[in-house]
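Let me begin by presenting the structure, written as structure tokens, before commenting on it.
The values are calculated or read from the model by the stated rules, or taken from the named source; none is laboratory data. Not measured: the values here are computed from a predicted model. Every residue, glycine as well, gets a Cβ built from its backbone with ideal geometry; the counts of neighbours run over all protein chains shown. For accessibility, only protein heavy atoms count, side chains too; no ligands or nucleic acids. Shrake-Rupley method; radii C 1.70, N 1.55, O 1.52, S 1.80 Å.
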Amino acid sequence: MSRQSARLLISHIKGNGTKSLCLASGSSPLGLYKNFVDAYKEDPANFPNLKVVKLDEWGGIDITEETSGESYLKTNILAPLRIKEPNFISFQTNTASPEKECERVQDELENLGALDVCILGLGMNGHLGFNEPAKELMSYCHVAKLSRKTLQHAMAVSMAKKPTYGLTLGMANILNSKKIILVVSGAHKQIVIKHLLEQKISTYLPASLLWLHPNTTCFIDEESHTR
Ligand SMILES: O=C(O)[C@H](O)[C@@H](O)[C@H](O)[C@H](O)COP(=O)(O)O
């Protein structure tokens, strides 16, 4: 799963002049990022001028927490690929108004234009980023109420100061990406994958909206797939 998804990402960067990457954190894309970094180290010239967008962040936390989205991307992508701060669009958590912070990131995304590639993981409840199952989903960057299940994610549980909300790209931000790569790993994803593969579209399963996107590839590992 990791090797194949990395190969696809790399071929996009080499073949299509990919510049902007929106990246999820979490355990599923870790192997993809590792393979991606290895390919960069072999030939950095193949990966010029990349811009990275952080898909989402835990709100109400200290951003320097080891398991924040920020630390995760800095460690696994920005540092190894030598991507500097001006080429990193990212929600901050030390702001008086998280809503204003979402407006700031939304403005930056509008200046950037459509994302070239968006790498996503799948929540156990079907969320994408912090777009949680609900009657209505939000289109653009917004402050999200996090479900109990999401707050039990290992990244949140291990923090000293627990998250109380999320900051996230919205569904239109995600679906406007030219290419989407969804990676899903682990036996705990079996039920949600089963629902996703039914090809029905519901806001109560935000990932199901990916069926509407013309260029999404989903990689699932053996464990997350029941036959
Ligand atoms: O971490 C993120 O950036 C996203 O908020 C989140 O949507 C994540 O991709 C899923 O919850 C799956 O997480 P795992 O890959 O850790 O299972």
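At 1.4 Å probe size, with every protein chain present, just tell me what the per residue accessible area of segment 1-92 comes to in Å².
On a per-residue basis, segment 1-92 sits at 44 Å².
Compute the relative contact order of segment 72-195 as a whole-number percentage, counting only Cα pairs closer than 8 Å that sit 6 or more residues apart in sequence. Show your work: numbers first, answer last.
Numbers: 140 pairs, mean separation 36.4, N = 124.
Dividing the mean separation by the residue count of segment 72-195 yields 29 percent.
With an 8 Å cut-off on Cα pairs and a minimum separation of 6 or more residues, tell me the relative contact order of the chain in percent.
Value for the chain: 23 percent.
Can you flag which of K54/K135; K74/K135; K51/K135; K41/K145; K84/K178 are past 27 Å Cα-Cα?
K74/K135; K51/K135; K41/K145
Determine the dipole magnitude for the chain: charges of +1 sit on the beta-carbon of Lys and Arg, -1 on that of Asp and Glu, nothing else is charged, the reference point is the Cα centre, and the result goes in debye to the nearest 20.
Rounded to the nearest 20 debye, it is 440 debye.
Expressed in nm to one decimal, what extension gain is obtained for the pair K135 and L8 from 0.36 nm per residue of sequence separation less their Cα-Cα distance?
Numbers: separation 127, 0.36 × 127 = 45.72 nm, distance 3.36 nm.
Net length gain for the segment: 42.4 nm.
Mean-square fluctuation check for the chain, GNM, Cα pairs under 10 Å: which of A160, A39, A144 is largest?
A160
Name every cysteine in the chain that ends up alone, with no second cysteine's Cβ under 4.7 Å, or say none.
C218
What does the charge count near D43 come to, summing +1 for each Lys or Arg and -1 for each Asp or Glu among other residues with Cβ under 15 Å from its Cβ?
Residues close to D43 contribute a combined charge of +2.
How large is the helix-only mean residue ellipticity at 222 nm for the chain, computed as the sum of -39500 (n - 2.57) over DSSP H runs with n ≥ 4, divided by its residue count, in deg cm²/dmol to the nearest 500?
-8500 deg cm²/dmol
Rounded to a whole number, what is D in µm²/s for the chain from Stokes-Einstein with the Kirkwood radius over alpha-carbon pairs (25 °C, 0.890 mPa s)?
Working: Rh = 17.5 Å.
Translational diffusion coefficient: 140 µm²/s.
Express in nm, to one decimal, how much length is gained between A79 and T226 on full extension, taking 0.36 nm for each residue of separation and deducting their alpha carbon distance.
Contour length minus Cα-Cα distance gives 49.2 nm.
How many percent of the accessible area of segment 114-215 is carbon or sulfur, using a 1.4 Å probe?
Details: 2790 of 4780 Å².
That share works out to 58 percent.
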